[in-house]
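One structure is given below, encoded as structure tokens.
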Amino acid sequence: MNLTALTELAEQELQRQQDLKLRLFLCYSTPCISAGAEAVKVALEELIKEQDLAAQLEVVATGCMGPCSRGPLLRIVVAGEERTYEKVTPEQACEILLHGLAGNPIETGALPADIPFFARQTKIVLGNNGWIDPGKIEHSIARDGYAALAYVLHEMSPEEVCNEIKKSGLRGRGGGGYPAGVKWNLVRKSPAERKYVVANGDEGDPGAYMDRTIMESDPHRVLEGMAIAGYAVGAEQGYIYVRGEYPLAAARLTKAIRDAERCGLLGSRVLDSSFNFRIDLRVGAGAFVCGEETALMTSIMGRRGQPVPRPPYPAQSGLWGYPTLINNVESFANVAPILHRGADWFAGFGTEKSKGTKVFALCGEVVNSGLIEVPMGISLRDIVFEIGGGLPDGGQFKAAQTGGPSGGCIPAEYLDTPVDYESLKELGSIMGSGGLIVMNETSCMPDVAKFFMEFCMDESCGKCVPCRVGTVEMYELLKRITDGSAMLGDLETLEELCGLVQETSLCGLGMTAPNPVLNTLKYYRAEYLAHIEENCCPAGVCQLDQVPLLKLPEHAAELAIFKEEN
Amino acid sequence: MSQVPKKLRLATVWLGGCSGCHMSFLDLDELLIELVEKVDIVYGPLVDTKKFPEEVDICLVEGAVTNVENLELARSIRSNSKLVISFGDCAVTGNVTSMRNRIPVKDLLTAVYHEAQAPIGAESLEVLPALLKKALPLHQAIKVDIYLPGCPPAPERIAAALTALLDNRPVDL
Amino acid sequence: MPVITLTIDEELVSARAGQSILEACRDHEIKIPTLCHLDGLSARGGCRLCLVAVAGSPRLLPACTTAVQENMVVTTSNEKIERYRRMILELTFAERNHTCAVCVSNENCELQTLAAELGMDHVRYDYLNPDLPLDTSHERYGVDHNRCLLCLRCVRVCDEVEGAHTWDVKGRGIKSQVITDLNRPWGASESCTECGKCVEVCPTGALFTKGSAVAEMKKEASFLRRILDGREKRQWRR
């Protein structure tokens, strides 16, 4: 396929879509499928078959539309007006279809178009979500898919591409926030006979599903971004590493890669240029640490997924010792829009140091949970109370947890903080990959810290001592604090251990594992002290039914348990 | 008449250990004679005092904290002693005494008092002080000032520590 | 070979390009404590005892895996580094069941020696007391996981020097354990050549020759240099 053929295909597909009387977009991503989207799809297909409507309309099984707590979602466009119906049953869906076809769409169940959930979002990465069938490459192409790649291959030099990315101000969306353009240039300038591009789709933070959604909803966007990166840095081979818990993402990516290869958009002589680029899928085996770039690469190479010390950085020595560009899936998903619409356009979104948008998985104690994309710099208050619609059942906002097990809790007094890399870091949390958990007054902070520490303890690979043993010892101390057997010295020991693990661990997992503890100690120290000194859990979560060691002799009754039950 | 310098009050305690450290202490031989000129041994397995005395200057504690009785004694040691020394590996690390830690207490007692050819039967459980889930090094129960390792600590090492303390020098092992 | 000049502990020293900070330090008789490192085996950077401060780096870096660079300024010891090293040793002792008094390597143990050298006289953390097995199925050798530090010298020497790759690791995090073949008893291993290299390089009493009683197991890892000199430099000596 060449540029002309690509344009033709896009036009043909657009024409076909316009010729249809009605297109129904059914959200067919994991949350909506689990809410019953499959039955809706079957009902719609039966109705179409029964009434022989196939020539007039089509049902598009799309990727995620966003308000996941309201699924299954069905969207139609009638006379240029868009309607999204929530919690659709198969019967309602048939009615929506029939009325929509007749030109007088029903209003029951339709979400108002101007609700802040939609109105306050800016969709760059998720621009195609909800509008295309991720399994159909022509849908993607009709919405400018691979147009940026075609332009880049014929009109730009690799150096220009890197500089454009640099100019856009795009920073790594995996959490670190390293300037993408700088990284691309490093790999481009590394002299080597072979280079690699790797997309990190090993999203493991509890409650986060940004990357999964991108891969499931718009796989071609990721592939196009990787191919552009390959051209820019001089790589002919790319790997996309998907965690094993995401079979749907893996299946959709596999199909997307095959389709793109068939169309000549990947493989040898991409779009009739001299550029070759293959992408292979690698599926992880369920280790959180493989989201760490050096561990991910050891896993791709078929070894035990454990990190190796940096330096050398992957840009100097990555896969099989060759320079490797590794970016997060969301970072790659930003690439095509940047090159398609220009770095300046992209840099128009966000703040001075954090450009563009960020996808968040908004969950926890919030009315509208789901997947959102917002411009960088938006306040936390807007996210939680505008887009999220506040807390349900009159709950009091206590904290927002960002960055998963590597992040921290942001208390209510900082609700007006702009969400960008620097501001969050100043508060002792991190942007992370985009998990955002809202907590109300029934969350106990030492208990939250214990939850994340247990996660890190279970996910530690075991290579370095501070992380392998330190996380267990920190967990034991947190367990003591939350079960009532802690003594005041324990808090000091815990803080000292946090410092050690943070400063001496081998990789990011260990370095950031103490963050939830340090951060909650910073803002909620009184809660820790209440547990230890007053034997009281202010949130009423912890049982506190154990006794500190030195007080054991006074608890003769409880002592019996040592004879009988242990 | 020249003033007689006040003698230091020394206590030695035997918690969960084999008393090997005390044997090593006795191996100080003739140093013991010098020692009694400078200290009063006010409590210990070698002294017939039942209650831990007050105002002890130096207390050598052998053994791990393994039951509630140990724990109570440890508390009074701390509140009545100026200087507490973890005396030997069991007090410092738990050592051999703590090798039972991976076995649940119930299994442990069953094995010893029910299954084995023990001289006393199940009723003895009633009079035993309750065992802690784990045998602990002394410093996990109370604050310890000096650690004197060894299984047992060699008499020379004990002598070095004690003479340093009596001469008011820092203990450097 | 290009020579690099760098500052280690306020002293200007020279090193060969490609050397690690640790190698450069040893050439100049600057002592850095190590546990997982062994001269002749690949660097691992796992025990974190050799962490040093490098000017310009926000983090402490392991001397064993960090290459020297021109004008690098390295500090091998300060109050914080010493404190962290002691804490790491405390964690190592707390992890498994190190009962020195009944160990074959008592008084010949690298962990014990390091604790004495670095002044780690007690462990403030909870002893984890895991329930770990002892494998004495091999005719000549035994492995006691209670004493293992997971330094993986055995894994590396078996793979890199002997070429058998009998040893590997199962599990992750605190549940990691060294295994022979695919977690078969050592005595049933078909790949083990019974060369005993793993036993000699093991820093503690985790790997031992059967029949050794307390404090009888003395190890000698210098054979490794001899083999490697022969292999790499064609220098054969006894």
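Read-outs throughout are calculated quantities, based only on the coordinates presented, and are distinct from any laboratory measurement. Because the structure is a prediction, the values reported are computed rather than measured. Every residue, glycine as well, gets a Cβ built from its backbone with ideal geometry; the counts of neighbours run over all protein chains shown.
If you count the DSSP beta bridges with both ends in chain A, what percent of them are antiparallel, to the nearest 5? Antiparallel bridges make up about 50 percent of those DSSP assigns within chain A. Computed across chain B, the Kirkwood hydrodynamic radius from all distinct Cα-Cα pairs reaches 17.1 Å. The peptide list A:475-483, A:348-356, put in order of mean Cβ contacts within 10 Å with the highest first, becomes A:475-483, A:348-356.
Spin-label model, residue B:26/residue C:226: points 7 Å from Cα along the beta carbon direction are separated by 4.8 nm.
Averaged over its residues, how many other protein chain Cβ atoms are within 10 Å of peptide A:499-507's Cβ atoms?
Numbers: counts 4, 8, 2, 1, 8, 11, 2, 6, 0.
Mean inter-chain Cβ contacts per residue within 10 Å come to 5.
Taking other Cβ atoms within 10 Å as a rough exposure proxy, B:36, A:335 sort from fewest to most as B:36, A:335.
A crude spin-label estimate for the pair residue C:82 and residue C:214, with each label 7 Å from Cα along the Cβ direction, gives 3.3 nm. Find how many whole Å separate the alpha carbon centroid of the stretch A:298-312 from the alpha carbon centroid of the stretch C:8-45. Each part reduced to its Cα centre gives a spacing of 23 Å.
Computed from backbone phi with θ = phi - 60° and the Karplus coefficients 6.51, -1.76 and 1.60, the 3J(HN,Hα) list for the stretch B:76-90 is 6, 4, 5, 7, 10, 10, 6, 10, 10, 10, 6, 9, x, 4, 5 Hz; x is used for glycine and proline. Annotation: peptides A:108-115, C:227-234, A:311-318, ranked by per-residue average of other Cβ atoms within 10 Å with the highest first, follow the order A:311-318, A:108-115, C:227-234. Rounded to the nearest 10 degrees, the inclination of helix A:445-459 to the longest alpha-carbon principal axis of chain A is 70 degrees. In the structure displayed, which of A:123/A:398; A:189/C:175; A:479/B:51; B:143/C:80; A:87/A:136; A:49/A:255 lie more than 32 Å apart, Cα to Cα? As for pairs spanning more than 32 Å Cα to Cα, those are A:189/C:175; A:479/B:51. To make sure I understand the rule: partners must be lysines, Cα under 22 Å from the Cα of residue B:38, and not fewer than 8 residues away in the same chain. Which ones qualify? Correct list for residue B:38: B:6, B:7, B:82.
Compute the angle between helix C:79-95 and the longest alpha-carbon principal axis of chain C, please, reported from 0 to 90 degrees and rounded to the nearest 10. So the inclination is approximately 10 degrees. Over all pairs of different C-alpha atoms in chain A, the reciprocal of the mean inverse distance, the Kirkwood hydrodynamic radius, equals 25.1 Å.
Treating r as the C-beta distance of residue C:69 and residue A:534 and R0 as 51 Å, the FRET efficiency rounds to 0.45. Here the stretch B:9-74 and the stretch C:135-155 have alpha carbon centers that stand 39 Å from each other. Could you identify which residue out of B:97, B:110, B:66 has the top mean-square fluctuation in a GNM of chain B using Cα springs shorter than 10 Å? Ranking B:97, B:110, B:66 by mean-square fluctuation puts B:110 first. In the stretch C:3-77, the ratio of gyration radius to Kirkwood radius, Rg to Rh, stands at 0.92 when only Cα atoms are counted.
Compute the convex hull volume of the Cα atoms of the stretch A:357-441, divide it by the residue count, and report the result per residue in Å³ as a whole number. Let's see the in-between values first.
Numbers: hull volume 6.3 nm³, N = 85.
Hull volume over Cα atoms, normalised by residue count, gives 75 Å³.
Hey, for a label at residue C:139 modelled as a point 7 Å past Cα toward Cβ, could you say which residues of the stretch C:202-237 have their backbone N under 18 Å away? From the stretch C:202-237, the list is C:208-212. Expressed as a fraction of 2.2 N^0.38 Å, the C-alpha radius of gyration for the stretch A:144-347 is 0.93. The long axis of helix A:465-483 is offset from the longest Cα principal axis of chain A by roughly 70 degrees.
Can you compute the label reach from residue C:42? Point 7 Å from Cα along the Cβ direction, backbone N cut-off under 20 Å, restricted to the stretch A:316-333. Residues A:316-324 qualify, since their backbone N sits under 20 Å from the label point.
In percent, what relative contact order does the stretch A:144-347 have, based on Cα pairs under 8 Å that are 6 or more apart in sequence? Write out the running numbers ahead of the final one.
On the way: 405 pairs, mean separation 63.4, N = 204.
Reported relative contact order: 31 percent.
Kirkwood Rh over alpha-carbon pairs of the protein assembly as shown, then Stokes-Einstein at 10 °C and 1.306 mPa s: what D in µm² s⁻¹, rounded to an integer?
Values: Rh = 32.1 Å.
Once the numbers are plugged in, D ends up at 50 µm²/s.
Projecting the Cα atoms of A:397, A:102, A:225 onto the charge dipole of chain A (Cβ charges, centred on the Cα centre) puts A:225 farthest toward the positive pole. Applying D = kT/(6 pi eta Rh) to the stretch C:34-96, where Rh is the Kirkwood radius over alpha-carbon pairs, T corresponds to 4 °C and eta to 1.567 mPa s, the Stokes-Einstein value obtained is 103 µm²/s. With the largest listed first and rounded to whole Å, the semi-axes of the equivalent ellipsoid of the stretch A:191-273 from the Cα gyration tensor are 24, 16, 9.
For the protein assembly as shown, what does the helix formula give at 222 nm: sum of -39500 (n - 2.57) over DSSP H segments with n ≥ 4, over the residue count, nearest 500 deg cm²/dmol? Can you show the working numbers first?
Working: 35 runs with 348 residues, N = 977.
Result for the protein assembly as shown: -10500 deg cm²/dmol, rounded to the nearest 500.
Computed over the stretch C:153-238, the range of Cα coordinates on each principal axis works out to 41, 30, 26 Å, biggest value leading.
Based on Cα contacts under 8 Å between residues 6+ apart, the stretch A:446-552 shows a relative contact order of 34 percent. Neighbouring Cβ atoms from other chains, within 10 Å of the Cβ of residues in A:539-549, number 1 on average. Residue-normalised convex hull volume from the C-alpha trace of the stretch A:272-404: 186 Å³ per residue. For the stretch A:446-552, taking the reciprocal of the average inverse distance between every pair of different Cα atoms yields a Kirkwood hydrodynamic radius of 13.7 Å. As a rough guide to protection, the peptides A:8-18, B:138-148 ranked by mean Cβ packing within 10 Å, highest first, stand as B:138-148, A:8-18.
Extending 7 Å from Cα along the Cβ direction at residue A:15 and again at residue A:189 yields two label points whose distance is 4.9 nm. Comparing Cα centroids, the stretch A:49-84 and the stretch A:456-518 end up 49 angstrom apart.
Looking at the protein assembly as shown alone, DSSP beta bridges between its own residues are antiparallel in about 55 percent of cases. Taking every residue in A:465-478 and counting other chain Cβ atoms within 10 Å of its Cβ, the average works out to 6. Length, then width, then depth: along the principal axes, the Cα atoms of the stretch A:43-201 run 63, 34, 27 Å.
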